[in-house]
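First the structure, in the form of structure tokens, and then the observations on it.
The values are calculated or read from the model by the stated rules, or taken from the named source; none is laboratory data. What you see is a predicted model, and the numbers here were worked out from it, not measured in a lab. When we count neighbours, we look across all protein chains shown, and the Cβ atoms used for this are built from the backbone with ideal geometry, even at glycine. Side chains included, ligands, DNA and RNA excluded: accessible areas come from the protein's heavy atoms. Shrake-Rupley method; radii C 1.70, N 1.55, O 1.52, S 1.80 Å.
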Amino acid sequence: NLPIKGEIGRQIRKAIIASGVDNFLVSFDYSQIELRILAHLSGDSQLINAFKNDQDIHITTASLIYGLDQGDIDSKMREVAKRINFGIIYGLSSYGLSRDLGISQEEASDFIDAYFSRYPGVRDYILSQIERAKKEGYVTTILGRRRYIPEINSNNSGMRQFAERQAINTPVQGSAADLIKKAMVDIFCEIRNSGLKSKLILQIHDELVFEVPEPELDELIKLVRQKMEGCVKFNVPIKAVAKVGKNWLEMKEVK
């Protein structure tokens with residue numbers, strides 16, 4: 001784990017370089033992939049439209065839960081919305097949100113209630129996943145992988161609540177894993193068939209890192225972006241952000 005925010009992690013990343021002077025490192029990172037998958041799985045119209053219109057999803061959510069125009073949302077409001085957006089995927093509770101934000105549990109509960117009132121499709125999806133897990137004993141990812149969750153019917157409330165969070169999270173996070181694994185297979189086949197010398201050298205969650213000879217940069221970027229964004233069809237756009245550099249720290253985004 002090489003966190004980019006810490007100075008030690010940054011220096012280690014800077015030491016990871018391409019193997020030849022004529023080669024570059026190129027990284028591709030899925031943009032907010034779990035939230036996009038949540039939009040697809042839940043079918044929530046507000047969430048889907050936000051991604052289709054290429055909106056900042058955290059500002060959009062803040063605007064909805066605070067009842068303000070997007071132009072009136074400040075950085076603190078956006079951070080609250082960001083924590084809720086990502087926390088919902090992990091079965092966020094009012095207690096957990098109050099602890100994370102340093103606010104009262106009542107205020108945290110109000111934020112979560114406001115979120116679900118603005119994104120009712122997400123609330124319905126979460127409830128349906130829990131019910132499905134209770135009935136069938138498992139949940140599935142978008143490509144059909146199962147995770148069995150027998151603890152969902154446990155008499156122990158702590159185990160049951162943990163299982164409910166798994167039932168919510170697994171289809172989202174597991175589908176993100178499906179997506180990048182399929183993209184990796186498709187990209188490998190395409191690189192081999194095209195006779196390119198570029199190589200996939202790292203996968204870190206929803207990020208892929210390649211070593212690319214300079215003459216292949218444009219072709220490789222186009223190829224990888226096409227495969228990452230199109231290997232599985234969703235009802236929201238999937239975005240892969242590309243960055244190029246001589247080392248893993250100092251990389252610039254390319255369109």
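Among the residues of the range 182-222, what is the count of those that are of a type outside the set (S, T, N, Q), assigned to a helix (DSSP H, G or I) and surrounded by fewer than 19 Cβ atoms within 10 Å (Cβ to Cβ)?
14
Looking at SER75, SER63, SER104 in this structure, which one is free of Cβ contacts under 8 Å to residues at least 12 places away in the same chain, more than 29 Å from LEU208 (Cα to Cα), of a type outside the set (D, E, K, R) and open to solvent by 70 Å² or more (accessible area, probe 1.4 Å)?
From the options SER75, SER63, SER104, the qualifying one is SER75.
Give me a count of the residues in the range 226-253 that are open to solvent by less than 50 Å² (accessible area, probe 1.4 Å) and within 25 Å of ILE17 (Cα to Cα).
The total comes to 10.
If you go through the range 67-86 one residue at a time, do you hit one that is in contact with a Lys or Arg (Cβ under 8 Å, 6 or more places away or on another chain) and not hydroxyl-bearing (Ser, Thr, Tyr)?
Within the range 67-86, not a single residue is in contact with a Lys or Arg (Cβ under 8 Å, 6 or more places away or on another chain) and not hydroxyl-bearing (Ser, Thr, Tyr).
VAL139 - would you say it is within 18 Å of TYR30 (Cβ to Cβ), out of contact with any Cys (no Cβ under 8 Å at 6 or more places or on another chain), open to solvent by less than 30 Å² (accessible area, probe 1.4 Å) and at pLDDT 95 or above?
no
Starting from residues that are part of a helix (DSSP H, G or I) and touching a Ser or Thr at 6+ places or on another chain (Cβ under 9 Å), keep the ones in the range 142-161 and report whichever is least open to solvent (accessible area, probe 1.4 Å).
ARG160
When you go through (1) exposed (fewer than 15 other Cβ atoms within 10 Å of the Cβ); (2) within 23 Å of ILE48 (Cβ to Cβ) one by one for TYR95, which number turns out not to apply?
Result: TYR95 fails condition (2) only.
Report whether or not ALA177 is in contact with a His (Cβ under 9 Å, 6 or more places away or on another chain) and of a type in the set (A, V, I, L, M, F, W, C).
yes
With the condition being among the acidic types (Asp, Glu) and on the phi < 0 side of the Ramachandran plot, I'd like the helices (runs of 4 or more DSSP H) fully within the range 24-141 carrying at least 1 qualifying residues.
The helices (runs of 4 or more DSSP H) meeting that bar are 33-42, 75-89, 94-101, 105-118, 120-136.
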